[in-house]
Amino acid sequence: MLKQAMGAAALAMALGAGLWATGAAAQNTYQSASVQRDWSVFESGEGGSRVCWIVSKPKKWEARRGAKRAQVNRGDIYLMVAARPGQGVKNEVSTVIGYTFRPDSKVRLDIGAGTFEMFTDGDKAWPENAAADDRIVAAMKRGTDAVLTGVSSRGTTTIDTYSLLGFTAALEEAQKLCG
């Protein structure tokens, strides 16, 4: 099943790159909790090192150089929200984009009428702080899709569109697992 394959690939990526700030990658043990429409739920660790997260791949993406579409090779592309209760983290939003961002660039995240900015480091991006994470999560709960726009180190603009179907149910499950 495509969603299960996506979830397994997302999990491998999340443990290898997405949860880089936690000890979860070192433990290398995790469980797929479920799939909620377009979002997969995972859990890892126990006690104070417990981590739960949800992850999705874009439904579509495009690359542009100037006004023209471009053919580019990208690695894994994911949008995630993690909870690490032992560290006081409830809604950590992040993305892995599949290329190296332009240094010191920002990613624009559009959800409905809301626009948010994320800072970049290598091939990853995050909101500036926990309050921004919470605002983004609130918008994701109300929205139908999320559009991430970033610029690669080579100057290519990418536009990734994620479905938010199942987002709220997946997030609630992850927070319950790590509650």
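The values are calculated or read from the model by the stated rules, or taken from the named source; none is laboratory data. No experiment lies behind these values; they were computed from the predicted model shown. Glycine also receives a Cβ, built like all others from the backbone with ideal geometry; neighbour counts cover every protein chain displayed.
This table checks each residue for (1) of a type in the set (A, V, I, L, M, F, W, C); (2) in contact with a Pro (Cβ under 7 Å, 6 or more places away or on another chain).
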site	(1), (2)
Ile54	yes, no
Lys68	no, no
Ala82	yes, no
Ala113	yes, no
Phe116	yes, yes
Thr120	no, no
For this session: Collect the residues in the stretch 123-151 that are of a type outside the set (D, E, K, R), under 18 Å from Lys60 (Cβ atoms) and either in a strand (DSSP E or B) or over 13 Å from the mean Cα position of the chain (by Cα) (or both), keeping them in residue-number order.
Result: Gly143, Thr144, Ala146, Val147, Leu148, Thr149, Gly150
Exercise. If we only count strands (runs of 3 or more DSSP E) wholly inside the stretch 36-114, which ones have 1 or more residues that are of a type in the set (A, V, I, L, M, F, W, C) and under 17 Å from Ala170 (Cβ atoms)?
Worked result: 39-44, 51-56, 78-84, 89-96, 106-111
For this session: Only residues in the stretch 102-125 that are under 12 Å from Val151 (Cα atoms) count as the first member; pair them with residues that are basic (Lys, Arg) and in a loop (DSSP other than H, G, I, E, B), Cβ under 8 angstrom, at least 6 apart or cross-chain, and list the lot.
Result: Thr120/Arg102
Exercise. Consider Ala82 against the criteria (1) at pLDDT below 85; (2) surrounded by 23 or more Cβ atoms within 10 Å (Cβ to Cβ): it satisfies all of them except one. Which criterion is unmet?
Worked result: (1)
For this session: Given the conditions (1) at pLDDT 95 or above; (2) not in a strand (DSSP E or B), report the number of the one that Phe119 does not fulfil.
Result: (2)
For this session: Examine the stretch 90-98 for a residue that is over 17 Å from Ser56 (Cα atoms), buried (at least 16 other Cβ atoms within 10 Å of the Cβ) and out of contact with any Asp or Glu (no Cβ under 6 Å at 6 or more places or on another chain), and state whether such a residue exists.
Result: yes
Exercise. Taking the stretch 121-134 as the search range and keeping residues that are under 13 Å from Val81 (Cβ atoms) and charged (D, E, K, R), which one is surrounded by the most Cβ atoms within 10 Å (Cβ to Cβ)?
Worked result: Asp133
For this session: Please find, within the stretch 141-162, the residue that is surrounded by the fewest Cβ atoms within 10 Å (Cβ to Cβ) out of those that are under 30 Å from Gln31 (Cβ atoms) and touching a strand residue (DSSP E or B) at 6+ places or on another chain (Cβ under 6 Å).
Result: Thr161
Problem set entry | Leading residue by the ranking (nearest to Leu171 (Cα to Cα)) among those in the stretch 17-35 that are modelled with pLDDT under 80 and of a type in the set (Ser, Thr, Tyr) | Tyr30
